[in-house]
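Chemist: Got a structure here, written out as structure tokens. Questions coming.
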Amino acid sequence: MDTTFQLPARLGEKPATTPSNPHTQLNQQSGDRAIIESVTRWAFTTLPKAEEQPTRISVPGARAICLKREFPIVNQDAFMADREFAHFHPGSDGSMHLGLPMADAGEVVEKGWGELHPVVRKGWLPANFVMVYAPRNEAEAEVLKKIIYRSYQFATGEISGN
């Protein structure tokens, strides 16, 4: 079990995002949609205890990563709605929301890869739910995969929320 989670610092300024729902990324997306499509394909074909479902909490067209029904929910704080622990935003947005252990959510924000979901400040979601910004290139796509995998480990109970 990997207990370390260290990310490099994201280069550049923070992208602009909307301050409320729907929480979307407004700029700094890659002009190459194949980059985010490769990440979504990886997520839906590589994580054996997860499956794609329509989102239960995001905007229409968002693609949710959900824990399959045959696996128990160990860390309730890993999930936004039912068994949905992450979702990709549709269209040109390219960002996503996911649940992470608290320390890992802090690492994502501190290193510039994402920000807390605005509804966290309203108390509607725990402070471990973050938006992860759209990857601008292949190197950033690899970091996004690492973050998604960590969310998957949290959702499957491989790591705890502490």
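The values are calculated or read from the model by the stated rules, or taken from the named source; none is laboratory data. Model, not experiment: these values are computed from the prediction. Virtual Cβ from ideal backbone geometry, glycine too; neighbours counted across all protein chains shown.
Chemist: Just a yes or no: is a residue in the stretch 27-47 modelled with pLDDT under 95, polar (S, T, N, Q), crowded, with 20+ Cβ neighbours inside 10 Å and not in a strand (DSSP E or B)?
Modeler: So far as the stretch 27-47 goes, yes, one or more of its residues are modelled with pLDDT under 95, polar (S, T, N, Q), crowded, with 20+ Cβ neighbours inside 10 Å and not in a strand (DSSP E or B).
Chemist: Something else now. Filter the stretch 102-113 down to the residues that are farther than 18 Å from Phe154 by Cα and in contact (Cβ under 8 Å) with a residue 24 or more places away in the chain, then identify the one that is surrounded by the most Cβ atoms within 10 Å (Cβ to Cβ).
Modeler: Trp113
Chemist: Checking the conditions here, which among Gly161, Gly123 is buried (at least 18 other Cβ atoms within 10 Å of the Cβ), at pLDDT below 95 and part of a loop (DSSP other than H, G, I, E, B)?
Modeler: It is Gly161.
Chemist: Ok, one more. Being outside any loop (DSSP other than H, G, I, E, B) and closer than 21 Å to Glu84 by Cα is the filter here; which residues of the stretch 126-140 pass it?
Modeler: Of the stretch 126-140, the ones outside any loop (DSSP other than H, G, I, E, B) are 129-132, 138-140.
The answer is Phe129, Val130, Met131, Val132.
Chemist: Ok, one more. In the stretch 130-143, which residue that is among the hydrophobic types (A, V, I, L, M, F, W, C) and over 8 Å from the mean Cα position of the chain (by Cα) is surrounded by the fewest Cβ atoms within 10 Å (Cβ to Cβ)? First the steps, then the outcome.
Modeler: Looking only at the stretch 130-143, we keep the residues that are among the hydrophobic types (A, V, I, L, M, F, W, C), and these are 130-132, 134, 139, 141, 143.
Now restrict to residues that are over 8 Å from the mean Cα position of the chain (by Cα): 134, 139, 141, 143.
Working: Ala134: 24, Ala139: 10, Ala141: 19, Val143: 17.
Here the residue is Ala139.
Chemist: Being part of a loop (DSSP other than H, G, I, E, B) and exposed (fewer than 14 other Cβ atoms within 10 Å of the Cβ) is the filter here, so list the residues in the stretch 48-76 that pass it. Write out each step before concluding.
Modeler: First pass over the stretch 48-76, keeping only residues part of a loop (DSSP other than H, G, I, E, B): 48-49, 55-62, 68-75.
Correct list: Pro48, Pro60, Gly61, Lys68, Arg69, Glu70, Pro72.
Chemist: Under 7 Å by Cβ, and 6 or more places apart or on different chains, what pairs join a residue from the stretch 36-60 that is without any contact (Cβ under 8 Å) to a residue 24 or more places away in the chain with one that is in a strand (DSSP E or B) and among the charged types (D, E, K, R)?
Modeler: Phe44/Glu52; Glu52/Arg63
Chemist: Restricted to the stretch 90-101, and to residues that are crowded, with 17+ Cβ neighbours inside 10 Å and at pLDDT below 95, which residue is farthest from Ala34 (Cα to Cα)?
Modeler: Of the stretch 90-101, the ones crowded, with 17+ Cβ neighbours inside 10 Å are 93-101.
Right, trim to at pLDDT below 95 and you get 93-94.
Numbers: Asp93: 13, Gly94: 11 Å.
The residue in question is Asp93.
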